[in-house]
Amino acid sequence: MAQFHRKRFSSPGSGSSSVSLASAVAGPQSPTRVVAARTSRQLWLCLYFHDLPLEAAAAPDTAACAVLNGEGRRPHLLLCNSAAEAAGVRPGMSVNAALALEPGLQVVRRDVQRERAILTRLAAWAIRFTPIVSLDPANALLLEVGASLKLFGGLAGLRAAVSDGVRSRGYAVRMAFAPTRRAALWLARAGGDIAITDSRYLPGALAKLPLDCLDWPAKTQETLRRMGVRCLGDSLRLPRDGLARRIGARWLRELDEALGRQPEARESYSPTGHFRDLLELPAEAHSSLQVLAALQVLLARLYRHLQVQQAGVQTLWIRLAHRGMTDTWLRVGLLRPVADIRHLRRLAELQLSASRLAAPVVAVGLRADTAAFRPTDGDLFAEGRNQPEALAQLLESLRARLGFQAVHGVGTVPGHRPERAWHVVTEPGSWPPPNTSGRLPWQRPLWLLEQPALLDSCGGQPRCGGTLTPADGPERIESGWWDGQDIRRDYYVMHNPHGVRLWVFRDRRDGAWYLHGIFG
Amino acid sequence: MEHRERLEQILRDPRIWQAGRKSAAAARTISTCWVQLDEALGGGWPLGQLTELLPDAHGFGEFSLLMPALILLSGGWKDASGEVRGEHRRDSGGGPATAPGHARDAEGKFSKMHAPARCFATNVDSGWVMLIAPPHVPYAPAFAAHGFDVSRLLVVRTRRQMDVLWAMEQALRSGTCAAVVAWSASSDERALRRLQLAAEEGGSLAVVFRPPGSRECASPAALRMRLSGSHQGHGLRVQILRQRHGPPTTVRVDI
C-alpha cells in the first residue's frame, strides 16, 4: 500500500520508474521494486526525414521517381515518390518489376554522402533550439528539448518553430516527443505527430508500434514474426531470458533503453569550426543582384553559426557554381575575426561588383573559416581616428574592390642596394617602426622608380627633359655579390632645366645612365 | 627690433583676431611648416576640407611642400615625451639621433623650414597617412630619414581612375586616416564635390594632386593652389587660386 501511494503521488516525469513488465500490464498491486531514477526531466524530440533520399537526389515532384538501394545481393527500390506510388510501384520491388509497371520511371542511385551532408547542415540549424543534438544514421535528428521548452513557449510553440524552420528549407519531416531517445525515434518512424511527456505512458504508446519501425535486421524481424510477434507490445510481453536467447541481447537492450530502464549513450553533435553551406538557386542568376540575394540568406545562417560558436570569420569564400563550368571562388579576407554581418555583406557586394559573372550561376555556396575572438585592448574613450577596428574595416573594403595586393604599407630593410632597402608590408602597422639612429649619409629620393629607366646620353652626359646638371655626388654603391644581384653604380643628384631633381646613376659595368628616383 | 619681430609673430597666430586684418581661419588647420605659406593661408593646410594642388610639372618639389605636415600627422618629430620637438638642428655632419630633418646642410631639405615648435599645431593628433595612386613607389628609407613614421604609411594602388576617387571617398568618410593624398587625372566635378563632402564628414587632411590642365575646370575644393617652379634657385612659386579665408595671392617658398 505504501508503495502504491508512492507511485500515485510521485511527481509526473520525475524519472522513469523501473517497473517490471507484469505490473505494467496487470496493475500496480504487486510492484516488485520501485526505483526512482535520478535522471533529470528529459524530453526528446525526434525529427525523422522520411523522404530524405528523394530530396537528396533532387527528385522531381511530378514525374515518377524512385531511389535505388544498391546494397545487398539484390538491388531493390528503397523509396518512391507519390507519383510512382500512384502507378503501383512499391518500395522493395526490383527495378525490372517497377519499370514494367511504370515505363517512365526515373531511378536514381542513393547518395548516402549527400544525405549525411544535408543532415549535418540541418543539425547545425537545429542547434539553435538546444545544445544537445545527435544524428541518427537512419535520417533522423534527435534533440533534447526539456530545458528549452520555456524559452520557445511550451511544447506547442517549440513544435511550431521547428516545423516552420524545416518546412522553409524544403524538407518533409515527422516529429515525435518522448522521454527517451529511442522511443522518440521509433514513434517518429512509425508516423510521428505524437507527444509523450510522462514516462508512465510510454509502454502503452510503444506497445502499438509495428515491428518495421524498429530498424532491426531482416533476420531478427523474421524470427520474431515466426514467433507470432506482430507489434512491439507482443515482444514486451515475452519473458526476457528467452527473448535474449532467440534474438540476441543487443535488441533486448534497445527495448530497455526505449522504456527508460537502461541509460543510453549516444554522441551528440558539436558544430565544427568550419561553416559550409550551399544554396541552390531556383533559376539561373545572370546578375550579381540575384547572387547577392542568395548570399544574404547564407550570411544569415552564418550569423547563427557564429552566435553559437562565439567566434568570428577570418576568411570568407564565396562559391559560384556554374552549369558545365568549374566553380568560381571569390575570397574575402579579413584582418581580424569579424562577426558583423552587415560589414561582410558589404565586402561581398564590393567583391562581386568588381568581378563580372563568367556564366549564369546555378548555386551559391559559402565557406567560412572561423576563429575565436581575440580580445582587443582598446581605449574606451578613444577617438574615432585611433580605433583599429574602423581602420581594419576601411582596409578590408578597399581590398575587396581593388584587390588584396592593392593596399599595403612599406617598411625599411637595412641594406645598401637602393631597390632592396624597402619592402611591402601586407599588414600595415605590424612592421616595427624603423630605428632612426642609423642616419643616411647621402640623400635619398622620395619617389623610386620600379625599374631604373635608361636615359639617352649626349656626349657622356645624360639627358632627361633637357641636359642634366649634376648637383651632388657621386655616391658609389657596390653591393650584393652574394646573391647574384650585385650592383656597381655611381649615384648622382641632378637637376633638369625645369627644376626637377632626379636621382640618376651610371652603371659601372656598361657605362649607361639610368634614372632611379625623383626628389620632391 | 627683435622685440618687434617677436610681437609680430605672436600677432600672426590665427587664434588672435584683430580688427582690420583679414579674418583668421576659423576652421581647423595644420601648420604647413613654411613661414610664408602659413601666413598666406592664415594658419596652414585646412583640415576637413578638400585641398587641390595643381603642379606644373612633376618632381620639382610639390610633394616636399606637403611633406612636413604629413610628417607631423604621422607622428614623426616626437621625442620620448610625445611632444613635438623643438628647433631642429642644422648640422653638417651626422647630428644626434633625435634631431629631425636632414643632417646634410649644404643641400639639406627643410633647412629653411622653421622649427616645428613654432608651428601653430603643437599637439597634433597623429594617425595614418594614406597615399592613393602615387606616381611612383614611395621610398621608405627616404621617408624615414625625413622623420616620417613609416609604419603609419599606407599605399593604395589602383587600376582605374574612378577607383582613385572612390578609394579617397571611402578613406575620408571613415575618418580613420589623419591625411589622405591622392593623385587623380579625372576632371569629374561631381566626384570632387563628393570628396569635399566626405572630407567635411571625416575631418582629415585631404589633398588631391591634379594635372596642370585642370586649372580651368571648376572645382569645389576649398583650397586651390597652383605650383610652378621659379627659374632662379630652387624655390617654388605657389599661386593660391582660391581659399576660404582670404584673397588669392602668390607666395614664393624656398624648398
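Each residue of the stretch B:215-223 was assigned a 3J(HN,Hα) from its phi angle through the Karplus expression (A = 6.51, B = -1.76, C = 1.60, θ = phi - 60°), giving 4, 7, 6, 6, 8, x, 5, 6, 10 Hz with x at Gly and Pro. Quote the total accessible area buried by chains B and A together, excluding ligands, DNA and RNA, probe 1.4 Å, nearest 100 Å². What B and A bury together is about 4900 Å².
Computed 3J(HN,Hα) for the stretch A:457-463, one whole-Hz value per residue from the Karplus formula 6.51 cos²θ - 1.76 cosθ + 1.60 where θ = phi - 60°, is 10, 10, x, x, 9, x, 10, glycine and proline marked x.
For chain A, what is the relative contact order in percent, using Cα pairs closer than 8 Å and at least 6 residues apart in sequence?
9
With all pairs of separate Cα atoms included, the stretch A:466-520 yields a Kirkwood hydrodynamic radius of 11.8 Å. Counting only protein heavy atoms and using a 1.4 Å probe, the accessible area of A:Glu389 comes to about 100 Å².
Residues whose amide H comes within less than 5 Å of that of A:Val410, counting only those at least five positions distant or on another chain, are A:Val425, B:Leu153 (H built at 1.01 Å from N in the peptide plane). Counting only other chain Cβ atoms within 10 Å of each residue's Cβ, the peptide B:53-61 averages 5.
Per-residue SASA remark: A:Thr426, around 80 Å² accessible (1.4 Å probe; ligands, DNA and RNA not included). Each Lys and Arg adds +1 at its Cβ and each Asp and Glu adds -1 at its Cβ; summed about the Cα centre, the stretch B:143-255 shows a dipole of about 240 debye. Sorted largest first by accessible area at a 1.4 angstrom probe radius, with every protein chain in place, the residues A:Cys65, B:Cys217 fall in the order B:Cys217, A:Cys65. Kirkwood analysis of the stretch A:222-353, using all unique Cα-Cα pairs, places the hydrodynamic radius at 19.6 Å.
Under 5 Å between amide hydrogens, built in the peptide plane, is the criterion, and for A:Ile194 it picks out A:Phe177 among residues at least 5 positions away or on other chains. Among A:Glu478, A:Glu264, the sequence by solvent-accessible area, most first, with a 1.4 Å probe is A:Glu478, A:Glu264. Applying the Kirkwood pairwise sum to the alpha-carbon positions of chain A produces a hydrodynamic radius of 30.0 angstrom.
Choose one of A:Val229, A:Ala453, A:Val67: the residue whose Cα lies farthest towards the positive end of the charge dipole of chain A (beta-carbon charges +1 Lys, Arg; -1 Asp, Glu; about the Cα centre). It is A:Val229, whose Cα lies furthest towards the positive end. Along the stretch B:242-248 the Karplus relation, 6.51 cos²θ - 1.76 cosθ + 1.60 evaluated at θ = phi - 60°, assigns HN-Hα couplings of 7, 8, 5, 10, x, x, x Hz to successive residues, with x for each Gly and Pro. In this label model, A:Arg73 and A:Arg346 are separated by 6.7 nm, measuring between points 7 Å along each Cα→Cβ vector.
Close amide H pairs (under 5 Å, H built 1.01 Å from N) link A:Val89 with no residue at least 5 positions away or on another chain.
In debye, nearest 20, what is the charge dipole magnitude of the stretch A:216-316 about its Cα centre with +1 on Lys and Arg Cβ and -1 on Asp and Glu Cβ, if you could check?
With Lys and Arg at +1 and Asp and Glu at -1, about 680 debye.
Counted over the stretch A:45-174, the DSSP beta bridges are approximately 80% antiparallel. Ligands, DNA and RNA excluded, the heavy atoms of B:Phe63 present near 0 Å² of accessible surface to a 1.4 Å solvent probe.
Taking the charge dipole of the stretch B:117-252 about its Cα centre, with +1 at Lys and Arg Cβ atoms and -1 at Asp and Glu Cβ atoms, the residue from B:Gln196, B:Phe143, B:Ser214 reaching farthest to the positive side is B:Ser214.
For the stretch A:75-172, what's the relative contact order in percent, using C-alpha pairs closer than 8 Å and at least 6 residues apart?
Dividing the mean separation by the residue count of the stretch A:75-172 yields 13 percent.
Dipole check for the stretch A:70-141: with +1 at the C-beta of Lys and Arg, -1 at the C-beta of Asp and Glu, and the Cα centre as origin, the magnitude is about 180 Debye. Distance from the C-alpha centroid of the stretch A:115-149 to that of the stretch A:46-65: 19 Å, rounded to the whole angstrom.
Could you sort A:Met325, A:Met494 by their accessible area in this structure, using a 1.4 Å probe and putting the largest first?
A:Met325, A:Met494
From the alpha carbon centroid of the stretch B:120-183 to that of the stretch B:186-239 is 16 Å. Just the protein heavy atoms count here, and of the accessible area of the stretch A:243-285 at 1.4 Å, carbon and sulfur take up 49 percent. Once the partner protein chains are put back, the stretch A:480-519 shows a loss of at least 10 square angstrom of accessible area, versus the chain by itself, at A:His495, A:His498, A:Gly499, A:Val500, A:Arg501, A:Ile518, A:Phe519 (probe 1.4 Å, ligands and nucleic acids excluded).
The values are calculated or read from the model by the stated rules, or taken from the named source; none is laboratory data. All figures in this text were calculated on a predicted structure; none of them were measured in a lab. Backbone-built Cβ (ideal geometry, glycine too); neighbour counts: all protein chains shown. Note: areas computed on protein heavy atoms with side chains; ligands, DNA, RNA excluded. Shrake-Rupley method; radii C 1.70, N 1.55, O 1.52, S 1.80 Å.
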